[in-house]
Amino acid sequence: MGSKTAPPKAILEESAVHLLHRAGQCAHDVFLQNMDGAGLTPRQFAVLLTVAQNEGLSQSDLVERTGIDRSTLADIMRRIIKKGLVRRNRTREDARAYSVKLTDAGSRALGQAVPAALGSDQRVLKTLSPDKRRDFLATLSTIVRSLEQEAARRS
């Protein structure tokens, strides 16, 4: 008879990847609850906010600025164009590329969504003291920057 190895104890409770995923799921749920029918997902909000702050970006620029992969961003763009929130125009510099701009409806939707998004952040972070919030956000930023730099070196 073969011996069975016991699974490691508490591996999920100590796994950064698992805990970040679970925290992301919880934050996503909070965001959708706070949007209360506004019809925006966290990623759609991120794209709209990035476009509002940098009108005329290409979709490639949006990939870089938001960290959303190309295929997912293409799907998001299709959905928010269909909702009438953004429009794409061919760029003069490169006929294959599009620049993206908010429509009036997109500006209104973003204006309605910003308070809900800020409320979502507050709700997610409320269990931490102000000092721990700053440290937590700084740590998350460090992780993202470091892993993005590592990925860029590999490509």
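Observations, loosely collected:
- Whichever residue in the stretch 1-30 is hydrophobic (A, V, I, L, M, F, W, C) and over 20 Å from LEU140 (Cβ atoms) and, among such residues, is modelled with the lowest pLDDT: MET1
- Within the stretch 101-143, considering residues that are surrounded by 13 or more Cβ atoms within 10 Å (Cβ to Cβ) and among the β-branched types (Val, Ile, Thr), the one nearest to GLY39 (Cα to Cα): VAL114
- Among the residues making up the stretch 31-65, a single one is hydroxyl-bearing (Ser, Thr, Tyr) and at pLDDT 95 or above: THR50.
- Some residue of the stretch 85-101 being of a type in the set (A, V, I, L, M) and modelled with pLDDT under 90: yes
- Inter-residue pairs, beta-carbon under 7 Å, first free of Cβ contacts under 8 Å to residues at least 24 places away in the same chain and open to solvent by 40 Å² or more (accessible area, probe 1.4 Å) and in the stretch 38-65, second among the β-branched types (Val, Ile, Thr) and assigned to a helix (DSSP H, G or I), 6+ apart: ARG65/THR50
- In the stretch 134-155 there is at least one residue that is at pLDDT below 95, farther than 25 Å from ALA23 by Cα and either in contact with a Cys (Cβ under 8 Å, 6 or more places away or on another chain) or among the small types (Gly, Ala, Ser) (or both).
- The residue that is nearest to ALA38 (Cα to Cα), among those in the stretch 84-100 that are part of a loop (DSSP other than H, G, I, E, B) and basic (Lys, Arg), is ARG96.
- Checking each residue in the stretch 101-134 for being outside any strand (DSSP E or B), more than 24 Å from GLY24 (Cα to Cα) and not β-branched (Val, Ile, Thr) picks out ASP104, ALA105, GLY106, SER107, ARG108.
The values are calculated or read from the model by the stated rules, or taken from the named source; none is laboratory data. No experiment lies behind these values; they were computed from the predicted model shown. Glycine gets a Cβ as well: all are built from the backbone with ideal geometry, and neighbour counts include every protein chain shown. Calculation scope for accessible area: heavy atoms of the full protein, side chains included, ligands and nucleic acids excluded. Shrake-Rupley method; radii C 1.70, N 1.55, O 1.52, S 1.80 Å.
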